[in-house]
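Have a look at the structure below before the remarks.
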């Protein structure tokens, strides 16, 4: 019985049907392997690399509407706040321009946000004016009009306003907004030294004035250039007038453009004048040796 089975099996191994099936299986395996290689080559775009184009500066909405880069898939991963007119402009891309990429590559981009950046209003009440200004800057806000009100709390913030209305801590408002403040005068009018503002930019001068408890008065742009890069050419009252100011006083400023006026000799002369005044003040404030002797004799 076993011999017959062995003989039958050997006959099957050498039969045409068996080898025909083996041949069919080999052909199918070859076709499968060939198809897999072709599919992988097509899927990975083998040999079809190209240089990544420069997308920064272009508008993502225009790219999508015109289908300018059908071989790429743009994916927005972040947005930044800038000029609202530039909304949708690409500011960063990954991969970088010039890198070799394949068709269908995902490109991660950062664009300019379409809306305004918003921030939260901090609680400034009872803080010193200097500290309040620093906190406003941290929250991307800026001090507006400073009004000094009767209060025993000198230089302390009494109330905070936005567009003429009180604003509560935690309220949302656009970044860069101006916040008006009521600040305490203290008992009596405190005498203050006039700050030296010559050569300062407009923003620097306003910041110094505010922190020194003065208000900004009339602004005059002598070169007809109105921006924050102009420098202070003249101030009234000035630090050399021999007078002191008081809390809440206004100081007028004249500006000139550094591109149209040479500030160096102007500032050098003012600094020499400032140094001379300091020396004179020290001499008058310091009693001479004879006065000391007379005082001792009188005692």
Subject >> Scattering profile of the range 116-188 at q = 0.24, 0.28 Å⁻¹ [log10 I(q)/I(0), Debye over alpha-carbon scatterers] >> reply: -1.03, -1.33
Original post:
What is the distance in Å between the Cα centres of the range 174-234 and the range 249-267?
Top reply: 14 Å
Original post:
Once you wrap a convex hull around the alpha carbon atoms of the range 50-112, what is its projected area averaged over all directions, in nm²?
Top reply: 3.8 nm²
Original post:
Where does each of 28, 131, 209 land when they are ranked from fewest to most other beta-carbon atoms within 10 angstrom?
Top reply: 28, 131, 209
Subject >> Approximate spin-label separation residue 80-residue 193, in nm, with each point projected 7 Å along Cα-to-Cβ >> reply: 4.1 nm
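Every number in this text was worked out from the coordinates using simple rules, so none of it is lab data. All values reported here derive from a predicted model rather than from experimental measurement. Please note: Cβ atoms are built from the backbone with ideal geometry, for glycine as well, and neighbour counts cover all protein chains shown.
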